[in-house]
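> Okay, here's the structure, questions in a sec.
What follows is calculated from the coordinates using simple rules that are stated; it is not laboratory data. Nothing here was measured: the structure is a model prediction, and the numbers come from that model. Cβ sites come from the backbone with ideal geometry, for glycine too, and all protein chains shown count toward neighbours.
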């Protein structure tokens, strides 16, 4: 029993370290891509072509003086960024290792629970700062995340009915011959847009609207707290890219092609940020409730009917 516990602990630590290194280089990729989109150079002075830049940024952020508002609810204000990063890293435990680091038969439900809890960290971070801008940013983030979680859950349920399992490992067996994006391309697009909204990325970055809210829910955070919120956002982007690859683009996690697809999808997140302007807030809600919800419900009914048809043909 102790051997299994130590093995799980080492595996989890390796996974977390790899995710954090991935987050570091995703920030470098983002800054470089945005630089080239805006016809300028990205960070390229530190070390060889700017490769140590993320680590230099991390040292700078974590060694700066920690400031906090006098009237803030200090304990909640202090621990919210930690909780946010913890939940972002906790979601990675559902990564479908075939060596069964953790055997998640209900991986998709675990993912939905973690994303649901992620709303509270943003909301409490905005409220505990005792700033009007931060509170407004937190409220916007909550409304937006709750709206898009509905479409995310319904899209997932479509595939749960089709595959008959909550386990992410099953997606590999169902996509040996054909990727699921071939049979559900509109759902793939809706999922990608919902992921953008779920991770508060452009064009849905209302929680961090600089033009009207200064910096949104994280306006009062500095040094380490800001760095933890920043890392949590990028860990979520990487996780959503990984989940898109598993659900829609084949699930052979031991092939190099899987990780190339993952990097390509992360690049899409950045490309969207460099290309699209921010949505209007009422259009954001219209898109969630009037476009994605009917689409996801139609596909859900279609997949349920398809599954019943297949079962009746077999038996």
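> Please work out whether the range 185-315 counts as rounded, prolate or oblate from its C-alpha gyration tensor, where a ≥ b ≥ c are the square roots of the eigenvalues and a/c under 1.5 means rounded, while otherwise a/b larger than b/c means prolate and anything else oblate?
oblate
> Counting other C-beta atoms within 10 Å, which of 205, 252 has the fewest, and how do the rest follow?
The order, fewest Cβ neighbours first, is 252, 205.
> Measure nothing fancy, just the Cα-based angle from helix 107-128's long axis to the longest principal axis of the chain, in degrees from 0 to 90, nearest 10.
The helix 107-128 is inclined about 20 degrees to the chain.
> Determine the distance separating the Cα centre of the range 142-198 from the Cα centre of the range 26-68; give it in Å without decimals.
So the two Cα centres are separated by 33 Å.
> Taking N as the number of residues in the chain, what is its alpha-carbon radius of gyration divided by 2.2 N^0.38 Å?
Against the compact-globule rule of thumb, the ratio is 1.04.
> Among 191, 127, which comes first, then next, by fewest other beta-carbon atoms within 10 Å?
By the 10 Å Cβ count, ascending, the order reads 127, 191.
> Mind sorting 19, 311, 253, 122 by how few other Cβ atoms lie within 10 Å of their own Cβ, fewest first?
Working: 19 21, 311 10, 253 18, 122 26.
Placing the least packed residue first, the sequence is 311, 253, 19, 122.
> Given a 10 angstrom Cα cut-off, can you work out which residue in 84, 241, 184 is the most mobile in a GNM of the chain?
Maximum fluctuation in the GNM of the chain, among the listed residues, is at 184.
> When 1/r is averaged over all different Cα pairs and the result inverted, which Kirkwood radius in Å belongs to the range 137-196?
Mean inverse Cα-Cα distance, inverted, gives 12.9 Å.
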